[in-house]
Structure formats: structure tokens, C-alpha cells
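Colleague: I am attaching a structure below and will ask some questions about it afterwards.
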Amino acid sequence: MLQILQFKTAQERLYACIGLALMLIGLFGIIPDALAHGVTVGDKGYIQETFGVHPIPFIYLGAKHMMTGYDHLLFLLGVIFFLYRLKDVTIYVTLFAVGHIVTLLSGVLMEISISAYIIDAIIGFSVVYKALDNMGAYQRWFGFQPNTKAATFIFGLIHGFGLATKILDYELSPDGLLANLIFFNIGVELGQILALAVILIAITFWRKSGNFLHHAYKANVFMMMLGFLLMFYQITGYFVQ
């Protein structure tokens, strides 16, 4: 762990200071509730008042959730950070999506209720885990590389529980519940494809610029700090709620 904290340049120390400041902000609850993982207040009202099957609105809500789900996108960025072949990107994103779908559907239909703060703290940890993985930390610390595909699927399960917990709190009508959840998942996958397209285009240009590998470590350090911010914010929320 000490190796991660030993920054050689002023720029790396700046990243560390920014990350520490963000974590302190999250720790003391200064970040507004708008940053919390889940569904917006307006969407919450719509969900609670909806009866019957509504394909287009729920597809829209699913796509919106993924496109604005900073925690999901941060984790996916970490997953594809060093993936250069579209085949590999497809495999990993599919594993994440399958895990997300399984727990979202089962969590809502079986009414598995877990504290949203705990789930979201684990989601923050997933970002930290993947950033450390990208930095080769586990090979240095423990002498082996954890199975990246298994980790992606497992964290996909956790991410799915995050939204399932929120939907349960909103008491979605049982009338058309399964169909609406399926349409919501379709929207999530469409949103994920659109978001990934943007991320892949941006990271491809970055790789072609010639300084990708030079800054890759710093980028993952910053990603790790954002993950810690998410964790501390949710843990703080759990104790002060």
C-alpha cells in the first residue's frame, strides 16, 4: 500500500491532494444528495404513480439511469481501460450486464431489501478494486492476479442490487411489474452501449495521442480516489441517516 502513496512528481501529488479533498468533502457530507446513486425525485414520483405496462417510459428511465450513473460508468471505464480488442470489451461488458440484470430482477421480484448505503459503498469499492487491479497492485502485494472476468461479474451483481434496493423503496405497482422491469433493463443496456461508445471513442483517441501509457497510472490513481470518495460518502450517510 505504501507504494501507491509514494508519488514521485508534483502532478501526482496534486492528484493525491485533490482526491484527499474530495474524500474529506464526502466524509463530512458536503456533497448534495443529487449525487446519490439511484433514481431522481421526478422519476420516483412517476414510478410510484404508474400502473400497467409502459414500454417507452421504462426504456427511457433505464437508459437515463445508465447514462447518468457515474458509479457504473467509472467501474466500466476501469474494466475496459486496458482492453484493446472489441471482442474482449464485449465479453467483459456482457458479464457485467448479466450480473446487473440478474440481481435487479431478482432483488425486486423477491423483495430482497439491503441498505442502499451499504450497497453503494460496495459499488464505490468496486471502482477502487478495479483501479488497483489496473495498477498491478494485487500482483505486487500478493503475487497473483485475481480472475478479472469473475470480478466483473460479481461486481455486476452488486451494481444490480444497488438499483433494486432503490426501486423497492419506491414501491413499484405489481401491475405490469415484470414487463416494466424487463423494459427498464432494455433501457439500461441501450444506455450502456451509448455510454460505452463515447468512452471507447475518447479512450481510443487518447491511446493514439502517444501519452496514454505515460498517464495511465495517474488516471487509475485518480479513479481509485473517486472510488474512495463514493465509499466514504455512502458510509457517512449510513451512520448519519
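The values are calculated or read from the model by the stated rules, or taken from the named source; none is laboratory data. Because the structure is predicted, anything quoted here is derived from the model rather than measured. Cβ placement follows ideal geometry from the backbone for every residue including glycine, while neighbour counts extend to all protein chains displayed.
Colleague: Just to be sure I understand, how many residues within the stretch 133-162 are out of contact with any helix residue (DSSP H, G or I) (no Cβ under 6 Å at 6 or more places or on another chain), of a type in the set (A, V, I, L, M, F, W, C) and either in a helix (DSSP H, G or I) or under 19 Å from Gly99 (Cβ atoms) (or both)?
Modeller: Total meeting the criteria: 6.
Colleague: Right, another one. Restricting to the stretch 54-76, and then to whatever is β-branched (Val, Ile, Thr) and modelled with pLDDT of 85 or more, can you tell me which residue is farthest from Val221 (Cα to Cα)? Reasoning before the result, please.
Modeller: Filtering the stretch 54-76 for residues β-branched (Val, Ile, Thr) gives 56, 59, 68.
Subsequent filtering for residues that are modelled with pLDDT of 85 or more retains 56, 59.
Numbers: Ile56: 39, Ile59: 35 Å.
In this case the residue turns out to be Ile56.
Colleague: Something else: I'd like to know if the stretch 90-105 contains one or more residues that are under 20 Å from Leu168 (Cα atoms), part of a helix (DSSP H, G or I) and among the polar types (S, T, N, Q).
Modeller: There is at least one residue in the stretch 90-105 that is under 20 Å from Leu168 (Cα atoms), part of a helix (DSSP H, G or I) and among the polar types (S, T, N, Q).
Colleague: Here's something else I'd like to know. Residue under question is Leu168, and the condition is that it be in a helix (DSSP H, G or I), in contact with a Ser or Thr (Cβ under 6 Å, 6 or more places away or on another chain), closer than 29 Å to Gly52 by Cβ and of a type in the set (A, V, I, L, M); does it hold? Full working, then the answer.
Modeller: Values: in a helix (DSSP H, G or I): yes; in contact with a Ser or Thr (Cβ under 6 Å, 6 or more places away or on another chain): yes; closer than 29 Å to Gly52 by Cβ: yes; of a type in the set (A, V, I, L, M): yes.
When the stated conditions are applied, Leu168 passes them.
Colleague: What single numbered condition from (1) touching a residue at least 24 places away in the same chain (Cβ under 8 Å); (2) surrounded by fewer than 20 Cβ atoms within 10 Å (Cβ to Cβ); (3) farther than 18 Å from Ile80 by Cβ fails to hold for Tyr217?
Modeller: (3)
Colleague: Only one of (1) under 16 Å from Ile118 (Cβ atoms); (2) within 16 Å of the chain's Cα centre (by Cα) fails for Leu226. Which number is that?
Modeller: (1)
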